[in-house]
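First the structure, in the form of structure tokens, and then the observations on it.
The numbers here are math on the coordinates, done by the rules we state, and not lab data. Given the structure is predicted, the values throughout are model-derived calculations rather than measurements. FYI the Cβ positions are ideal-geometry reconstructions off the backbone, even for glycines, and counts take in every protein chain you see.
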Amino acid sequence: MTFGPITPPLATKKPQRREHHNDVYVDDYEWLRDKDSREVIAHLEAENSYTAARTATQEPLRQQIFTEIKNRTQETDLSVPVRRGAFWYYTRTVEGQEYGIHCRAPISGPDDWAAPVLGTNQSVPGEQILLDDNVEAAGHEFFSLGSFDLSDDGTRLLYAVDVEGDERYTIRVRTIATGENLPDTIENTSAGALFDPSGRYLFYTTVDDAWRPDTVWRHEIGAAEVADASIFHEPDERFWVGVGITRSRKFLMIEAGSSVTTESWVLDASNPTGDFAVVWPRQDNVEYDVEHAVIAAEDRLLIVHNGGAAVNFELVSVAAADPQGEKRMLLPHDPQIRLESVDAFADFLVVEYRRDGLTRLAIDRHDASGLTELDFDEPLFAVGSAGNPEWTQPTLRFGFTSFITPSTVYDLFVATGERRLLKQQPVLGGYDPALYEQRREWATAEDGTRVPISLVYRRDLVTPGTPAPTLLYGYGSYEHSIDPGFGIARLSLLDRGMIFAIAHVRGGGELGRTWYETGKTTTKRNTFTDFVSCARHLIDAGFTTPARLVAEGGSAGGLLMGAVANLAPELFAGILAEVPFVDALTSILDPSLPLTVIEWDEWGDPLHDAAVYAYMKSYSPVENVRNVAYPAILAVTSLNDTRVLYVEPAKWVAKLREVGADALLKTEMSAGHGGVSGRYSAWHERAFNYAWVLDTAGLNMPES
């Protein structure tokens with residue numbers, strides 16, 4: 001099929017049989033999996049050329065959107081300093097530079113807890129540059145900083161970088177006073193390395209052949225890597241492992257977790273070469289998180305868990321010396337509240353939870369006052385603690401944002417309740433939040449379930465009941481919630497009269513654990529039908545029309561995009577699928593692929609269960625492409641992505657071409673799952689996608 005003079009590339013068919021549970025599927029495009037093949041690379045490059053040609057008319061709009069993002073962003077800026085030990089730590093960005101510069105400056109004294117409010121170009125007395133990501137990234141097409149930790153005495157820096165996009169990091173250790181790296185270099189690690197409190201050892205994790213973090217190692221600074229001790233190995237392929245330390249610096253922690261089960265081990269940090277002890281032995285379908293607290297002068301472990309009937313989790317404490325002993329109930333299970341985490345400080349506790357689909361924060365001051373929830377005066381928002389490394393700090397650092405309020409950082413002085421505004425994300429060019437409206441709508445799903453939709457739009461450009469171009473975003477997996485937050489790039493949509501909406505479909509965690517449980521494994525189709533119901537609601541309520549509605553989702557949300565394209569193509573003008581998991585059944589059948597076995601808890605095990613196989617085959621997008629009128633589709637992927645392999649959207653687009661669909665494939669040839677690195681490159685990528693969205697919705701009207 002041709003579109004004017006431009007002919008789309010057609011992948012050669014090379015049939016391969018896939019047979020499971022007496023079912024035979026012929027895959028014509030599995031050969032595209034070999035990324036070392038010149039033929040595969042040539043095909044991806046041909047797809048990129050075709051996409052560039054097909055979207056050439058969007059170039060002026062792309063450039064305008066990029067310029068808008070750039071002009072609204074404070075390019076030379078500083079993060080809010082965070083105190084750790086004797087220093088304030090912060091990151092600078094400089095106009096024209098892609099990456100951040102990590103710095104520190106000394107505190108004025110032990111009682112200096114008031115974070116300095118720094119000016120954009122302010123020279124900070126005593127400032128030291130710890131790590132300049134721009135220097136580290138020089139000569140690399142991709143750069144990602146993983147682990148970043150300081151020794152407790154502040155003399156050494158541990159950092160890890162990935163320059164391929166494959167999420168394998170090289171750890172290095174730097175002497176801060178000289179800026180020179182020590183000989184200690186450890187390659188092929190996963191994220192999450194840290195120093196022990198003595199600074200003599202560092203702990204890190206490595207991955208197996210399926211890219212699963214499975215082993216925790218201890219490295220002594222100055223020793224050869226071959227002398228590193230393997231201190232924990234997880235043989236069960238469903239589990240990932242990680243290593244951490246409590247805020248009190250009292251205990252080192254190891255956690256092994258699958259999608260539905262966790263197990264933790266603790267070690268007194270004063271004995272870093274000792275043996276870790278299990279907190280609670282693992283029990284299938286029981287998850288728990290551990291935090292150390294001192295309550296009434298006793299070392300206690302605070303445990304948030306979903307054992308027994310605590311579907312939405314409850315909080316108990318146990319003696320640190322006897323974690324499998326008596327449990328003290330602190331916060332019992334509440335079916336209306338999804339308890340998410342607890343943070344312990346010397347003089348207070350912070351509890352984070354969800355109620356009515358929104359995040360909440362509450363403080364317990366270790367007195368008779370009980371929990372005090374922080375209140376906010378917006379109907380939609382997201383709030384969470386952030387940047388609180390110190391055990392004895394009298395303040396709680398938290399962030400707040402909404403669709404219309406830029407990201408805002410506060411310090412709460414816990415003893416008095418005073419909130420001190422430290423910084424709000426600058427939006428240059430005269431941003432006026434009063435011009436924008438945010439609201440909540442409710443769709444009714446096929447089974448009668450009410451599904452929330454969050455919307456934002458310009459009051460003066462959109463009148464509810466009068467159809468407007470709309471971008472509907474969805475995810476709906478892993479209990480991951482998509483909360484209403486501010487985005488500078490999104491203003492380029494809203495200021496052109498577009499509605500932005502989030503469908504909070506089942507499979508996410510917005511309405512608690514049951515919301516997640518009824519959108520996974522053999523109830524996964526609820527995720528897709530919920531999204532379709534949200535689209536129908538927006539159309540029926542007069543917010544938009546099928547000719548002006550575009551859907552967007554990435555990764556597991558890309559699976560959602562592929563599924564709804566097959567279920568209800570007539571509802572959408574376009575579908576933007578970013579690193580989309582659209583060949584789900586093929587991937588989940590292959591335990592040698594990254595992440596597959598651990599994913600069986602999320603999707604089911606089609607390799608060994610015929611019913612799961614049939615269920616997944618009924619919705620997996622590649623297998624269900626059919627001869628219908630599809631909306632325009634843009635699939636964006638990355639060659640080095642290890643989470644969702646590029647081959648999935650490549651096969652999907654090839655299948656869509658067979659039925660005449662207007663499908664485009666854009667592959668970043670030097671990037672991973674998160675796309676390109678560097679902020680300017682990311683802005684260009686977002687501008688490309690948004691220009692396509694606007695054009696598809698009929699809003700390609702760049703200003704002169």
Quiz item: So what's the angle, to the nearest 10 degrees on a 0 to 90 scale, between helix 647-658 and the longest Cα principal axis of the chain?
Solution: 20 degrees
Practice problem: Take peptides 80-90, 476-486 and line them up by average Cβ neighbours within 10 Å, highest first, as a rough protection proxy. | Solution: 476-486, 80-90
Quiz prompt | Which of SER402, SER49, SER264 has the fewest Cβ neighbours within 10 Å, and the rest in rising order | solution = SER49, SER264, SER402
Exercise. Go through ASN312, ALA632, SER123 and say which Cα lies farthest out towards the positive end of the charge dipole of the chain; charges sit on Cβ, +1 for Lys and Arg, -1 for Asp and Glu.
Key: ALA632
Self-check item: Residue order, fewest to most surrounding Cβ atoms within 10 angstrom, among HIS20, HIS537
Solution: HIS20, HIS537
Exercise. Among (i) 0.97; (ii) 1.03; (iii) 0.95, find the value of Rg/Rh (Cα atoms, Kirkwood Rh) that was calculated from the structure presented, and write down its label.
Key: (iii)
Quiz item: Which distance in nm do the two modelled labels at ALA52 and ARG626 give, with both placed 7 Å along the Cα-to-Cβ direction?
Solution: 3.8 nm
Exercise. Just list whichever of LYS520/LYS655; LYS14/LYS655; LYS13/LYS524; LYS13/LYS520; LYS35/LYS520 have alpha carbons separated by over 22 Å in the model shown.
Key: LYS520/LYS655; LYS13/LYS524; LYS13/LYS520; LYS35/LYS520
Quiz item: Once you list every other residue whose beta carbon is under 13 Å from the beta carbon of ILE499, what net charge do they have if Lys and Arg are +1 and Asp and Glu are -1?
Solution: +2
Exercise. Add +1 for every Lys or Arg and -1 for every Asp or Glu among the other residues with Cβ under 9 Å from the Cβ of TRP515, and state the total.
Key: 0
Quiz item: For THR7 and THR178 in one chain, what is 0.36 nm times their gap in residues minus the Cα-Cα distance, to one decimal in nm?
Solution: 55.7 nm
Practice problem: Compute the long axis of helix 610-619 from its Cα atoms, compare it with the longest principal axis of the Cα atoms of the chain, and write down the angle in degrees, 0 to 90, nearest 10. | Solution: 60 degrees
Quiz prompt | C-alpha center-to-center spacing [segment 233-258, segment 1-79] in angstrom | solution = 38 Å
Exercise. Give, in nm to one decimal, the length gained when the segment between ALA224 and LYS35 is fully stretched (0.36 nm per residue of separation minus the Cα-Cα distance).
Key: 64.6 nm
Exercise. Straight distance only, please: which lysines reach the Cα of LYS70 with their own Cα at less than 24 Å, same-chain residues fewer than 8 apart left out?
Key: LYS423, LYS666
Quiz prompt | FRET efficiency estimate (nearest 0.05) - Cβ-Cβ, ARG249 to GLN128, R0 25 angstrom | solution = 0.65
Quiz item: Ranked highest first by the average count of other Cβ atoms within 10 Å around their residues, in what order do 349-358, 457-466 fall?
Solution: 349-358, 457-466
Self-check item: Contour minus Cα-Cα distance for VAL427 and ASN188 (0.36 nm per residue)
Solution: 82.1 nm
Exercise. With a Förster radius of 25 Å, plug the Cβ-Cβ distance of GLU75 and GLU418 into 1/(1 + (r/R0)^6) and report the FRET value to the nearest 0.05.
Key: 0.20
Self-check item: Backbone N under 18 Å from the ALA362 label point (7 Å along Cα→Cβ), restricted to segment 287-307
Solution: 302-306
Quiz prompt | the chain: angle of helix 679-696 to the longest principal axis, Cα-based, in degrees nearest 10 | solution = 30 degrees
Practice problem: Could you list LEU361, LEU634 in order of exposure, starting from the residue whose Cβ has the fewest other Cβ atoms within 10 Å? | Solution: LEU361, LEU634
Quiz prompt | Assigned charges on the beta-carbon of Lys, Arg, Asp, Glu; segment 369-486 dipole about Cα centre (debye) | solution = 280 debye
Quiz item: Arranged from highest to lowest average of other beta-carbon atoms within 10 Å per residue, in what order do the peptides 580-592, 502-514 appear?
Solution: 502-514, 580-592
Quiz prompt | Local electrostatic count, ARG83, Cβ distance below 12 Å [Lys/Arg +1, Asp/Glu -1] | solution = -1
